[in-house]
Amino acid sequence: MSPAPVRLGTRRSPMATSQSQRVADAVTATTGIPVELVLITSFGDVTKAHLTQLGGTGVFVNALRDELVSGTIDVAVHSLKDLPTTPADGLGLVAITERDDPRDALCARDGRKFGDLPSGARIGTGSPRRVAQLASLRPDLDYVPIRGNADTRLGKVASGEVDAVVLAYAGLLRVGRADHITDVFEPEQVLPAPGQGALAVECRTERAVPDDLGKLAAVDDARTRAAVTAERVVLAELEAGCAAPVGAYAECYDGRLRLRAAVVATDGSRAIHREGSVRTDGGDTGDPADANAAADLGRQLAREMIEEGADRIVADAGAQGGAPRPE
């Protein structure tokens, strides 16, 4: 007798359904368990308010979590960068899949690079993190808030409403819009959001046990889990939401985990950067113990940044509507 399909909850947006289907296919290929998508509309998908006005943290995930708790779905897939760092009661991450490209990408009219944009060019982005870091590189540009899915934002470039938009490279790849990319920001220029490019599979904790949904852990990638753990601990220690001007990026190589983090004032006028590394017991393949070492590294860097005033930058951004407090 064939096993009952796992009901995987996903937001209805093209990007969400595309990435959720990728997870579903990976689960089936790895475990043999059939998976069906259940489409769910979140408040963040239907409101026209900008992310910074919505409180940011959790605005795209709460509807999925409600369905998990009620038992309507068995698991939910989230973009990890949208997931609050504070765990939800009764829910846990059964898997974090191998990370896609975490960088930010520019999509500009006439194929222009970031450095080629004329002074005063209008750059559309809904992310205070991106605005803060981009403004520190090009304070002469005009950064304007925009909402909508990737096609909606790209349409604003085509129509002339803005001269360029900045989006996640991974998201553009997932919806087949990589051909619109005209420039890519390396982490040395713009640190990505903590968890950017990674997908998280969440379920009720009592189901994340062997011989049940615990089988979904087969698609967990230990290297990615260690890296994003370090990044998200930085965010948690700074008591910042996912819309805060905080960038963090960790990567595993040569038996070490390297973490870079930054907090930048929303006008780009002040920035605090920190970098550190720690040996990973699993080398380049990852190991469960690595997540603990990663968390310690993230905590250390965040506390060093707080000593330099990073928490005040986050608080100031929040007072301006750019960095909501966590839920």
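Worth pointing out:
- Candidate set from region 236-253 (those that are of a type outside the set (Gly, Ala, Ser) and under 24 Å from residue 280 (Cβ atoms)); member that is surrounded by the fewest Cβ atoms within 10 Å (Cβ to Cβ): 253
- Hits in region 167-209 (condition: among the aliphatic types (A, V, I, L, M), farther than 24 Å from residue 8 by Cβ and crowded, with 24+ Cβ neighbours inside 10 Å): 167, 190, 191
- Candidate set: region 76-93, residues that are more than 10 Å from the chain's Cα centre (by Cα) and surrounded by 24 or more Cβ atoms within 10 Å (Cβ to Cβ); chosen: the one nearest to residue 251 (Cα to Cα): 77
- Counting only helices (runs of 4 or more DSSP H) that sit completely within region 1-106, those holding 3 or more residues that are under 18 Å from residue 202 (Cβ atoms), in contact with a Leu (Cβ under 8 Å, 6 or more places away or on another chain) and at pLDDT 90 or above correspond to 14-31, 62-70.
- Taken over region 259-285, the criterion of being modelled with pLDDT of 95 or more and among the charged types (D, E, K, R) is satisfied by 260, 274, 275.
- Hey, residue 109 closer than 21 Å to residue 247 by Cβ and either out of contact with any helix residue (DSSP H, G or I) (no Cβ under 8 Å at 6 or more places or on another chain) or of a type in the set (Lys, Arg) (or both) or not: no
- Flag for residue 135 being assigned to a helix (DSSP H, G or I), small (Gly, Ala, Ser) and modelled with pLDDT under 95: yes
- Within region 299-315, residues that are surrounded by 24 or more Cβ atoms within 10 Å (Cβ to Cβ) have Cβ atoms under 7 Å from residues that are among the charged types (D, E, K, R) and assigned to a helix (DSSP H, G or I) in these pairs: 302/237, counting only partners at least 6 apart in sequence or on another chain.
- The single condition among (1) surrounded by 15 or more Cβ atoms within 10 Å (Cβ to Cβ); (2) polar (S, T, N, Q); (3) over 30 Å from residue 38 (Cβ atoms) that residue 119 does not meet is (1).
- Considering region 206-252, the residues that are at pLDDT 90 or above, touching an Asp or Glu at 6+ places or on another chain (Cβ under 7 Å) and in a loop (DSSP other than H, G, I, E, B) include one that is farthest from residue 99 (Cα to Cα), namely 238.
The values are calculated or read from the model by the stated rules, or taken from the named source; none is laboratory data. Quick caveat, the model's predicted, so the values are computed rather than measured. Heads up, the Cβs are rebuilt from the backbone with ideal geometry, glycines too, and the neighbour counts pull from every protein chain shown.
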